[in-house]
Amino acid sequence: MKICILSRHQKLYSTKRLKEAALAKGHEVQVIDYLRCYMNIAAHNPQIFFKKKRLVGIDAVIPRIGAPNTFYGTAVVRQFEMMHIYCLSSSQGILRSRDKLRCLQILSQKGVGLPVTGFANSTKDIKGVINMVGGAPLVIKLIEGTQGIGVVLTETYQAAESVIEAFRGLNANILVQEYVKEASGTDIRCFVVGDKVIASMKRTAKVGEFRSNIHRGAKACTVRITPEERSTAVNAAKIMGLKIAGVDILRSNRGPVVMEVNSSPGLEGIEMASGKDIASEIIRYLEKHAPNGCIQDKLKG
């Protein structure tokens with residue numbers, strides 16, 4: 001197969017690993033900076049160009065779309081879908097997962113366990129939202145934040161009011177969530193490929209930090225997940241319309257709750273923690289499903 005990896009940089013760990021795994025299985029691989037693509041949106045002959053050359057003969061696409069470039073990146077993925085080329089992650093799946101509010105609303109509609117979450121527009125409703133999620137301490141998140149950026153833990157009611165007012169004063173859209181104390185600064189990243197969790201790791205925040213992102217200095221180790229956690233992760237990815245996903249779960253007193261579904265999960269942390277060759281698992285999945293044609297995204301919203 002001729003595989004196209006949509007990525008800003010060839011030297012990124014996940015991009016390198018996917019390229020290595022595909023080459024090892026005898027595939028032809030091209031890494032393309034999706035921000036350098038331009039498109040001819042024609043009614044019967046949609047086309048994509050990269051550095052003045054038309055992209056032809058591609059059998060499958062692996063999108064690695066960075067959060068800051070979601071709008072243009074998903075437009076490129078959508079163009080490939082219009083060309084009936086198999087895309088490992090659908091454009092709609094990426095868009096749903098990137099919008100935290102949209103993601104949580106869709107998951108809640110399907111009955112997936114979630115932390116108590118509030119959302120409001122007016123600063124006049126701050127007290128109502130804070131009380132709704134159980135009061136302080138609570139977590140405030142930017143809707144389009146990533147890697148822990150724009151996530152704040154407020155210890156007191158007054159601090160929560162101040163932070164929410166500050167964010168709304170900047171016209172930033174935020175979520176207000178309960179702080180799951182029993183998780184104790186840890187979460188579980190489940191790496192889903194197809195209908196299976198192929199690897200999982202527990203991430204523990206560094207001392208003095210509550211965010212358990214690897215980019216924020218958290219430590220990762222392998223972890224055995226429960227059948228309920230496994231089914232929750234697979235179900236969350238399926239609901240989002242994602243064949244590849246990193247599903248972040250907290251262990252709460254009422255069972256697993258989903259914090260986030262990541263459409264472009266990094267490979268480095270979880271490969272190191274689990275010792276598994278996840279890149280090869282992804283290519284095997286691609287080999288099995290790409291010949292059957294492009295993903296038909298039937299989900300709405």
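For the reader, a short list of remarks on this structure follows.
- Within the stretch 26-45, being assigned to a loop (DSSP other than H, G, I, E, B) and surrounded by 13 or more Cβ atoms within 10 Å (Cβ to Cβ) holds for His27, Asp33.
- Members of the stretch 262-275 found to be assigned to a strand (DSSP E or B) and closer than 16 Å to Ile225 by Cβ, listed by number: none
- Exclusive hit being at pLDDT 95 or above and surrounded by fewer than 16 Cβ atoms within 10 Å (Cβ to Cβ), set Leu18, Leu23: Leu23
- The C-beta contact set for the stretch 245-269 (first residue free of Cβ contacts under 8 Å to residues at least 60 places away in the same chain, second residue among the basic types (Lys, Arg) and buried (at least 21 other Cβ atoms within 10 Å of the Cβ), distance under 9 angstrom, 6+ apart or interchain) comprises Gly246/Arg189; Val247/Arg189.
- Restricted to the stretch 183-222, and to residues there that are at pLDDT 90 or above and in a loop (DSSP other than H, G, I, E, B), the residue that is nearest to Asp277 (Cα to Cα) is Gly194.
The values are calculated or read from the model by the stated rules, or taken from the named source; none is laboratory data. Just so it is clear, the structure is predicted and the values come from calculations on it, not from any experiment. Cβ: placed from backbone, ideal geometry, glycine included. Neighbour counts: every protein chain shown.
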